[in-house]
Amino acid sequence: MIDMQLFMTKDGDICSVEGWWHPENKVICNYIYIQQPDGDVEIEKRKYVKVIRKKDGSWRSFEEQLEYIKKLGRKHTKAYFVEHKMLVDKSNIEKFYDPFYTFEKFSKNYPQEFFYLEEFLKLLGVSKEEYSGIGMVGSYQVGLRK
């Protein structure tokens, strides 16, 4: 598990790992997308709604996210001693998205953007031999460019 790595729950929802230390058999996370038949975002041929942002692009507060999740019929558990995060049982995780595969896929699917990224990596002194140790997190992991 890597901070900000996305995973899919057995309900088909998409969450983001938050932090490096987690209670035994649990993951501290944020819900990012919830599967809904009338959703406006498509991931793996399923329709989703975004939890952390409203349709107008503004951010939802954590309290608004909780209300939205409840309204959509999802159960949730607030994280212990960590504000504005939730807990998911590891047994309820269907799969983790691989950020290293995402980087490799990004390099092939978005050559112009990758060119600029490579230029930046050169400035940092990162060689091409080190690329296998670089991952990408966020919406690129589920095939979204937004």
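At a 10 Å Cβ-Cβ cut-off, how would you order M136, M1, fewest neighbours first? Display every interim value, and only then the final one.
Details: M136 20, M1 14.
In order of increasing Cβ crowding within 10 Å: M1, M136.
Using Cα extents along the principal axes in Å as the read-out, say which of (i) 53, 35, 25; (ii) 185, 28, 21; (iii) 46, 35, 26 was calculated from these coordinates. After the calculation, the listed value that fits is (iii).
Amide H to amide H, with H built 1.01 Å from N, G19 comes under 5 Å of M4, counting only residues 5 or more places away or on other chains. The HN-Hα couplings worked out from phi for the stretch 105-114 by the Karplus form 6.51 cos²θ - 1.76 cosθ + 1.60 (θ = phi - 60°) are 5, 4, 4, 8, 7, 10, x, 5, 5, 5 Hz, whole numbers, x standing for Gly and Pro.
Given +1 on the Cβ of Lys and Arg, -1 on the Cβ of Asp and Glu, and no further charges, what dipole in debye does the stretch 54-146 carry about its Cα centre, rounded to the nearest 20? Can you show the working numbers first?
Working: 17 positive and 14 negative charges, 112 e Å.
In debye, rounded to 20, the stretch 54-146 gives about 540.
If each residue of separation counts as 0.36 nm, what is the full-extension length gain between K75 and V126 once their alpha-carbon separation is subtracted? Extra length from K75 to V126 when fully extended: 14.0 nm.
Peptide packing: for 73-82, 119-128, the average count of neighbouring Cβ atoms within 10 Å per residue gives the ranking 73-82, 119-128, highest mean first. Extension gain, W21-D98: 0.36 nm per intervening residue step, less the Cα-Cα distance, totals 25.8 nm.
Amide H contacts of I32: I14, C15, S16, each under 5 Å away and 5 or more positions distant or on a separate chain (H built 1.01 Å from N in the peptide plane; Pro and chain starts excluded).
Near K47, the amide H atoms lying under 5 Å from its own belong to Q36; only residues 5 or more places off or on other chains count, and H is placed 1.01 Å from N. Here the dipole of the stretch 6-96 is about 140 debye; that uses its Cα centre as origin and unit charges on the Cβ of Lys and Arg (positive) and Asp and Glu (negative). Straightening the chain between L117 and E83 buys 8.9 nm, computed as 0.36 nm per residue apart minus the Cα-Cα spacing. Based on C-alpha pairs under 8 angstrom that are at least 6 apart in sequence, the stretch 1-128 has a relative contact order of 23 percent.
Only the coordinates and a few stated rules stand behind these numbers; no lab work does. Predicted model only: the values in this text are computed from it and were never measured. Positions of Cβ are backbone-derived with ideal geometry, glycine not excepted, and every protein chain shown enters the neighbour counts.
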